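The values are calculated or read from the model by the stated rules, or taken from the named source; none is laboratory data. Since this is a predicted model, take the numbers as computed values, not measurements. Note: ideal-geometry Cβ built from the backbone for every residue, glycine included; neighbour counts use all protein chains shown. Just so you know, the surface numbers come from the protein's heavy atoms only, side chains and all, with ligands and any DNA or RNA stripped out. Shrake-Rupley method; radii C 1.70, N 1.55, O 1.52, S 1.80 Å.
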Amino acid sequence: MFGQVQMYNHTLAMKINPKETHKGTILIIDDSQFILEFMFHFLSMCGFKVLVSTNGESAIYQAEYAQPDLIILDVVMPKINGFEICSRLKKNEATKNIPVIFMTALSEPKDQVKGFQLGAVDYITKPIQQEELLARVTTHLTVQNLQKQLREQNWRLQQQMARERLVTTMQERIRQSLNLEEILNTTVKEVRQFLQTDRVIIYQFQSDNIGVVAVESVGVGWKSIAKQTILEPCLKEKSLEFYKTGNTRAISDIYQHDLPQCHIDLLAEFEVRSNLIVPIRQGEKLWGLLIAHHCSKPRYWQQVEIDLLKQLVTQVGIAIQQAQLYEELKEANEKLNRLASLDSLTQLANRRRFNTYLNEQWECLVQKKLPLSLILCDIDFFKLYNDTYGHLAGDFCLQQVAEAIQKAVNCPAALVARYGGEELSVILPNAKTEDAFFIAEQIREAVKVLKIAHARSPIDRYLTLSLGVASIVPSPGFVPEQLIAVADRALYRAKEEGRDRVLIGEEYPLVDRAENLQNYR
């Protein structure tokens, strides 16, 4: 049955139009029929177009021809492994920009580092959690779409800038920043200098007839109206439609132009004698107005001035949209970074973040010659708990324990992480042995206070923890793996001696950094 699905999707890949817009097209590469079927049905149900491949050569061909938005790639593959496939994809001009997420059961940091060095954007570990899979896929597709939009906007910007050297120069100055306020301020300053006029403002709509003077450039001796909210009684629906369609309005003398009296009164209040209004649009949306005010006397606006400003506001509209897209991209990247460092079940730091933070603190404390402590925590008889109450209850149990540990630690510099399975860890910078032991006891008691029933525990009717503590003053004679090894041995002894207790690790033998540390892991 799945073979038919696979053949169907291969046929679909041959016919796909890369410009079709759905939630996104995902190519999954794995030699496991079970994994392919699981991910195909789950992601299809989530609204994605899913393509599948079971071997490297076919996958590379599909990626080049179908141009998926995202590739999920198993590391361990027959004939051509995932690393080689990724390397070939990234060397191919047609596929190098397609983000690749590795899917693996490998937990060695060197394997993950190798994947990132080859150009992968993320890892999904097996067994696959649906929520994590969906979150990572959605985040990377969001980032990919934003990047595509940015590239398209940049391309359009370059095409338009080539039309006119003057606009190019002005726009180059505007484009120095992706900060929206800076872009708008640069625009009004450059336009006022170009027009040699008394005031230039950008009026940003908040509703159909209410807006705010977002930014202003004003000459010496003339009234400032920056940040004023203006209720324009004369800006009726007819006027709005006029600007929404891209029309400009040039008034040489407000007293010689057929304007409603309410509009004349408003302009006179702002000392305006002549004005030029150019709409700023984003697609079909009227975002605001670029308005030049000539205050000292009437002024006839030249057509070349109007045309150049029309060209410029097109660029400004793109700049505004790009600034907003940039903010969205930053937010997506921040979310991705949080996701990459977070365990999806417990919301604690994950193993990758644990390794990074431990090494960072180690290097820092080597210089400061201050202590570093580590606590490893293991839920006693957790397999029996899962067998008794089920895996959903086990997941909830882990979440409760994680929250209790986080609260019990209550130290800004500490990092609480899920070390693996039912094993949790606490990194305590600048904490001596006695401090770490005290915190470990606080953790043990905090979990007991939860009174999580554990009917099959041989030692207590409630859930308990065993904990191992290790402390060291980092120095060039030691490495972080030794600290982990000593804490792990202390945890093992705590289990051997009856569980539900905290034990402190033994002293550290001196070793050379180059020595094989296999015995300490």
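For this structure, a couple of remarks:
- Longest stretch of the chain clear of exposed loop sites (GluC sites (Glu not before Pro), DSSP loop, at most 12 other Cβ atoms within 10 Å, sites excluded): 285-496.
- Rel. contact order, % - alpha carbon contacts under 8 angstrom, at least six apart, the chain: 9 percent
- Nearest 10 degrees, 0 to 90: helix 130-161 Cα axis against the chain principal axis: 30 degrees
- Exposed loop sites here mean chymotrypsin sites (Phe, Trp or Tyr not before Pro) with a DSSP loop assignment and at most 14 other beta-carbon atoms within 10 Å; the chain contains its longest site-free run at 1-254.
- Under the combined filter of DSSP loop state and at most 11 neighbouring Cβ atoms within 10 Å, segment 290-349 retains none of its trypsin sites (Lys or Arg not before Pro).
- Residue 182-residue 391 FRET efficiency (beta carbon distance; Förster radius 45 Å; 0.05 resolution): 0.30
- Accessible surface of segment 416-483, 1.4 Å probe, proportion on carbon and sulfur as whole %: 54 percent
- Per residue value of the accessible surface for the chain (all protein chains in place, 1.4 Å probe), Å²: 50 Å²
- Counting protein heavy atoms only, segment 330-372 has 47 percent of its accessible area on carbon and sulfur, 1.4 angstrom probe.
- Subset of 227/297; 285/335; 148/310; 189/227; 189/310 violating a 20 Å alpha-carbon distance limit: 227/297; 285/335; 148/310
- Close amide-amide hydrogen proximity is noted between residue 211 and 206, 230, 232, each under 5 Å apart and 5 or more residues distant or on a separate chain (H modeled in the peptide plane; Pro and chain starts excluded).
- Within straight-line cross-link reach of residue 49, lysines at Cα separation under 16 Å, skipping those fewer than 8 residues along the same chain: 15, 19, 23
- Added length on full extension, which subtracts the Cα-Cα distance from 0.36 nm per residue, residue 461 to residue 231: 75.8 nm
- Straightening the chain between residue 411 and residue 128 buys 98.6 nm, computed as 0.36 nm per residue apart minus the Cα-Cα spacing.
- Calculated Cα extents along the principal axes in Å (choose from (1) 78, 66, 43; (2) 98, 59, 47; (3) 75, 59, 42), label: (2)
- Of the peptides 465-472, 405-412, the ranking by mean beta-carbon count within 10 Å, highest at the top, reads 465-472, 405-412.
- For the chain, the longest principal axis of the Cα atoms and the long axis of helix 391-409 meet at an angle of about 80 degrees.
- C-alpha long axis of helix 82-91 to longest principal axis of the chain, angle in °: 20 degrees
- Sites residue 223 and residue 116, calculated FRET efficiency, Cβ-Cβ separation with R0 45 Å, nearest 0.05: 0.20
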